[in-house]
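The values are calculated or read from the model by the stated rules, or taken from the named source; none is laboratory data. Just so you know, these numbers come straight off a predicted model, no measurement behind them. All Cβ positions, even for glycine, are placed from backbone atoms using ideal geometry, and neighbour counts span all protein chains on display. Note: accessible area is taken over every heavy atom of the protein model, side chains too, but ligands, DNA and RNA are not part of it. Shrake-Rupley method; radii C 1.70, N 1.55, O 1.52, S 1.80 Å.
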Amino acid sequence: MRGLSAVYRKELEDHFSSARFTLLLTLILMVSLIMAYTTGNGLRKELEGFAKPALVFLLLFTSTGALFSLAQFVAFFGPLIGLVLGFDAINRERAQRTLAKLVAQPIYRDSIINGKFLAGLTTVTVLLAGIVLLISGLGLRELGVVPGWEEVGRLAVYLVISVLYVGFWLGLAILASVLFRGMATSALAVLALWIFLAFFVPLGATLVADSVVPVPTTGQAEIDTVLRHETIKRAVSYVSPIALYTDATSVILDPMRKTTRALVLVGPLERLSLSRFQNPLPLGQSALVVAPHLILLVALTFVCFAISYAAFMRQEVRTT
Amino acid sequence: MEPVIEMRDLTKRYGDQVAVDRVTLHVPPGEIFGFLGPNGAGKTTTILMLLGLSEPTSGWARICGLDPTRAPVKVKRISGYLPEAVGFYEDMTAIDNLRYVARLNGIQDSQARMRIAERLALVGLADEGKKRVGAYSRGMRQRLGIAEVLLKDPRVVFLDEPTVGLDPDGTQRMLEMIQSLSRERGITVFFSSHLLDQVQRISARVGIMLKGRLVAVGSIQELGQQSLGVGQERYTLEEVYMRYFRQGPMAAA
C-alpha cells in the first residue's frame, strides 16, 4: 500500500509540473471558453421570446453551437488526454534506467502500474471537472438560469462517465507503454488504435450491416429490414468505446431520450402509451438505461489492466 | 555463521540458452565478494534472481534465510541493488530522487530528511544535493546510487559493475566507499565486475563465472594455488582469471 501511495504522489507531482499538462490545460481552457461562448450565445438567441424549457442548462453541453458540443468534443478528443498522459508510463522508466531500481524497492510490482494509473486518473478528473465547471459558470452568465439539482446530478454522472471513458484510454496507453520498449512506438501504436476506433469502426459497422442485411436503396424498405440493419450496425460499432461513450452520455445529458437506440419500432398502441409519457426520465432511470454501457467500459479498462499486469510481471527488468 | 547469501544449483534458462547453470555459492556476513566474469557470463542474471526480480528455472537461493522467489518484498527490504549504469529522474534534484526511494521504502519524511543528508555527505555529495541529477557527471551519479542503496539500511548490497565508466579518481573513491560499507557498517557486499585489479584490491573472496557456470570460488591465493600450482609467493587475479578463462567453463565440472 505504501508503495502505491509513494508512486501515486510522485507521478501526480510529475503530471502537474509537466509541460504536457500545461499544454493540455491551455488547449482545454481555450476550447471550453470558445464553446461556452458560442453555445451560450446561440441558445440565448434561440430561446428569445420563449419560456425556457425544463433542464435548459444541459443544452449547454449538448447543443452544437458553431462547431461541436462539449459532449462530442470529449468523445472525440478525450481519448487523446488519456493517451498523452499514459503512453510513456513504463517505457520511460526503462529508457532512463530507473525501472530496475524501482522494482528493486520493497513494493509489489503492480503498485507501480496502479500508482501511475491512479495519478493519471486524478489528473484527468481535474481536467474534465475543470471543463464542466468552466462551461457551467460561463453558461450561468450567458443564460441567466441556475441549474436545478436534477441538472447538477446529471452533470455529475456525466463527469463520472467521462472520467471512466478517458480512464479506459489511459489504461490502454499504459498497456502500450508496457508492451512497447520505445516511447515513440508506443505513442504511434495508441494513436493508430485511436484512429481505427474513431474512424474505421463506424465505417466498418456500416459495411458489415450493409452486407449482412442489405437495405434496398430504391422503393420503400421493409421496416423490419431497416431495424435489423440498424441493430447489426450498432452491435459492430460497440467494438469502439467511443460509440459506447457517445450513447451513454447522450442519454444522461438528454432526459427526453428513453433508450440508447436511435430507431425504435413501435406499434400504434405503444405509440399511444408512449405519448402519455412525454416527460423527461428521472435521473435514476436514465442511469439504468446506460448502466450496461458503463459496465462494458469499466470491463474494457480491466482487460487492459489484466494484460498490463500479466506482461509487466513477466518482463525482464534488465535494460542491457 | 549463517551465510547472508546462499544459493544452490541456481539455474536460469531462456529457451534453449542457459544463462546461469547450477551455481552454488555461500557468502558469509560482512564479506566483500567479487563476482567476476566476462560480459554475458550470467552475473546480472544471478543478481536478479537473488533479488527476486527474475525467477530461477531450478535451484534455490536464500538471502538472510529468506526465499527471494516466495518473499521478494521481504528480501528487497533488507537488500540494496545498484544496477549497472543506474538511472535517475533527470528533472528532479538528487534530494528529491532520494526522497522518492525513501518513500518507497516506507521511511517517514522527517526521518528521511536526516538520512538523505547523512548519506549524501557519506558519498561526498552534500553540496550538490539540490542540483538536478541531469547536471551530474557519471561519477556523481554512481555515488548518488550508493547513497540511494544505503537509504534503507540494507544488510546486503548488490552492486552491478559499480566502477564501469568511471575515471581513475572516481574508481578509487568508489572502491574506498565499498570497503567502508563492509568495515564500518558490517554490510555484506556482492559486487560484479570484469575489472580484475579492482576486484583484487577489495574482495576477500572471488567467484569466476564463465558462460553461466561458476568455475571457481575462493580467495585469490587459494585459486592461484589450485590453478597455477603451489610455489608462487603471490598470485595476481589476472593470472588466475586468464587461466580459468582459457580452460573454459567445462574445466571446473
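Couple of notes before you dig in:
- Restricting attention to region A:209-250, the residues that are open to solvent by 60 Å² or more (accessible area, probe 1.4 Å), aliphatic (A, V, I, L, M) and touching a helix residue (DSSP H, G or I) at 6+ places or on another chain (Cβ under 6 Å) total 2.
- Selection status of B:Val217, of a type in the set (Val, Ile, Thr), in contact with a Leu (Cβ under 9 Å, 6 or more places away or on another chain), at negative phi and within 14 Å of chain A (Cβ to nearest Cβ): no
- Considering only residues in region B:92-125 that are among the hydrophobic types (A, V, I, L, M, F, W, C) and away from every other protein chain (no Cβ under 14 Å), the one that is surrounded by the fewest Cβ atoms within 10 Å (Cβ to Cβ) turns out to be B:Met114.
- Test result for A:Leu140, open to solvent by 40 Å² or more (accessible area, probe 1.4 Å), modelled with pLDDT under 90 and either over 19 Å from the mean Cα position of the chain (by Cα) or within 14 Å of another protein chain (Cβ to nearest Cβ) (or both): yes
- Within region A:30-55, residues that are farther than 19 Å from A:Leu128 by Cβ sit with their Cβ atoms under 8 Å from residues that are aliphatic (A, V, I, L, M) and at pLDDT 80 or above, at 6+ positions apart or across chains, in these pairs: A:Tyr37/A:Leu138; A:Gly40/A:Leu138.
- For region B:79-91, the candidate set comprises residues that are among the aromatic types (Phe, Trp, Tyr) and open to solvent by 10 Å² or more (accessible area, probe 1.4 Å); within that set, the residue that is nearest to the other protein chains (Cβ to nearest Cβ) is B:Tyr81.
- Taken together, the residues in region B:145-192 that are farther than 20 Å from B:Pro29 by Cα and open to solvent by less than 20 Å² (accessible area, probe 1.4 Å) amount to 9.
- Matching residues, region B:220-253, being open to solvent by 90 Å² or more (accessible area, probe 1.4 Å), modelled with pLDDT under 75 and not in a loop (DSSP other than H, G, I, E, B): B:Val230
- Taking (1) open to solvent by less than 60 Å² (accessible area, probe 1.4 Å); (2) modelled with pLDDT of 85 or more in turn, A:Phe196 satisfies each apart from (1).
- Taken as a whole, the structure places A:Ile90 among residues that are open to solvent by less than 20 Å² (accessible area, probe 1.4 Å), within 14 Å of another protein chain (Cβ to nearest Cβ) and in contact (Cβ under 8 Å) with a residue 12 or more places away in the chain.
- Scope region A:9-35; condition more than 10 Å from every other protein chain (Cβ to nearest Cβ) and hydroxyl-bearing (Ser, Thr, Tyr); matching residues: A:Thr22, A:Thr26, A:Ser32
- Only one entry of B:Gly129, B:Gly134 meets the criterion of being over 24 Å from the mean Cα position of the chain (by Cα) and open to solvent by less than 20 Å² (accessible area, probe 1.4 Å), and that entry is B:Gly129.
- Any hit, region A:118-132, residues being within 14 Å of another protein chain (Cβ to nearest Cβ) and touching a residue at least 24 places away in the same chain (Cβ under 8 Å): yes
- Under the condition of being hydroxyl-bearing (Ser, Thr, Tyr) and more than 7 Å from chain B (Cβ to nearest Cβ), the residues counted in region A:99-114 number 1.
- Pairing each residue of region A:305-316 that is more than 14 Å from every other protein chain (Cβ to nearest Cβ) with any residue that is of a type in the set (Gly, Ala, Ser), provided the two are 6+ apart or on different chains, yields C-beta distances under 9 Å for A:Phe305/A:Gly171; A:Ser308/A:Gly171; A:Ser308/A:Ser177.
- Residue within region A:233-246 that is farther than 29 Å from A:Ala287 by Cα and among the β-branched types (Val, Ile, Thr) present: no
- Inside region A:96-112, residues that are within 19 Å of A:Thr185 (Cβ to Cβ) and within 30 Å of the chain's Cα centre (by Cα) make up a count of 0.
- Qualifying residue in region B:60-68 (condition: among the β-branched types (Val, Ile, Thr), within 21 Å of B:Ile178 (Cα to Cα) and at the interface with chain A (Cβ under 9 Å from one of its Cβ atoms)): no
- Residue satisfying all of: in region A:96-127; of a type in the set (S, T, N, Q) and not in a helix (DSSP H, G or I); surrounded by the most Cβ atoms within 10 Å (Cβ to Cβ) among these: A:Gln105
- Members of region A:117-162 found to be touching a Lys or Arg at 6+ places or on another chain (Cβ under 7 Å) and either basic (Lys, Arg) or under 21 Å from A:Gln72 (Cβ atoms) (or both), listed by number: A:Glu142, A:Leu143
- If the condition is being open to solvent by 50 Å² or more (accessible area, probe 1.4 Å) and among the β-branched types (Val, Ile, Thr), then region B:24-78 contributes B:Thr24, B:Thr57, B:Thr69.
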